[in-house]
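**Q** One structure, pasted below without further comment.
The values are calculated or read from the model by the stated rules, or taken from the named source; none is laboratory data. Nothing here was measured: the structure is a model prediction, and the numbers come from that model. Neighbour counts are summed over all protein chains in view; Cβ atoms, including those assigned to glycine, are modelled from backbone coordinates with ideal geometry.
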Amino acid sequence: MVVVPTLCFADDDDPAALLREAGRLLVPSGRLVAGVVLLYSAWGRRYEAHGRTGHPFSRGARFLALAEHRRMLSGAGFTITGARSTLTQAPSEDGLRRPEYLDM
């Protein structure tokens, strides 16, 4: 298994090349787990807005629509067998603040 934590934050101008390399590294029966923040999601819009202001976390991020992710994955030889969402809460109104549970 190869895990690509979050494609939008990959330090690469060509995420499709990153996916092709992940496919090259996998054994024939291997699987890829790719994290994505979709362009048109609440989080994607928030991160993109912060990136335009030069926010250090998201200024270099590249957010794509779901159809673009599907095309890249297919183009790299992957078959999508499932999808899950982990960002179920909305972004906070005060920006990208540190979640309180991390301070416990």
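**Q** Among the residues of segment 39-81, how many are part of a loop (DSSP other than H, G, I, E, B) and either of a type in the set (Ser, Thr, Tyr) or on the phi > 0 side of the Ramachandran plot (or both)? Before the answer, list the steps.
**A** Kept after step one, since they are part of a loop (DSSP other than H, G, I, E, B), are these residues of segment 39-81: 39-41, 53-63, 65, 76-81.
Now drop any that are not either of a type in the set (Ser, Thr, Tyr) or on the phi > 0 side of the Ramachandran plot (or both), which leaves 40-41, 53-54, 58, 77, 79, 81.
Final tally of qualifying residues: 8.
**Q** Being aliphatic (A, V, I, L, M), surrounded by 12 or more Cβ atoms within 10 Å (Cβ to Cβ) and closer than 16 Å to Pro91 by Cα is the requirement here; does Ala65 meet it?
**A** Values: aliphatic (A, V, I, L, M): yes; surrounded by 12 or more Cβ atoms within 10 Å (Cβ to Cβ): yes; closer than 16 Å to Pro91 by Cα: no.
No.
**Q** Report, by residue number, each residue of segment 40-62 that is of a type in the set (Gly, Ala, Ser) and surrounded by fewer than 17 Cβ atoms within 10 Å (Cβ to Cβ). Walk me through it before giving the result.
**A** We begin by selecting, within segment 40-62, every residue of a type in the set (Gly, Ala, Ser); these are 41-42, 44, 49, 51, 54, 58, 60-61.
Passing the criteria: Ala42, Ala49, Gly54, Gly60.
**Q** For a quick check of your reading of the model, give me the residue pairs whose first member lies in segment 28-39 and is closer than 14 Å to Ala16 by Cα, whose second is among the acidic types (Asp, Glu) and in a strand (DSSP E or B), with beta-carbon atoms closer than 8 Å and at least 6 apart or on different chains.
**A** Matching pairs, first to second residue: none at all.
**Q** Another question about this same structure. Answer yes if at least one residue in segment 78-92 is at pLDDT 85 or above, surrounded by 10 or more Cβ atoms within 10 Å (Cβ to Cβ) and either in contact with a Phe, Trp or Tyr (Cβ under 7 Å, 6 or more places away or on another chain) or of a type outside the set (Asp, Glu) (or both), and no otherwise.
**A** Yes, segment 78-92 has at least one match.
**Q** While we're looking at this one, here's another question. Mind counting the residues in segment 7-30 that are exposed (fewer than 13 other Cβ atoms within 10 Å of the Cβ), at pLDDT 85 or above and outside any helix (DSSP H, G or I)?
**A** 4
**Q** Right, here's the next one. So Gly82 clears everything in (1) more than 14 Å from Leu7 (Cα to Cα); (2) of a type outside the set (Ser, Thr, Tyr); (3) in contact with a Pro (Cβ under 9 Å, 6 or more places away or on another chain) except one condition, right? Which one?
**A** (3)
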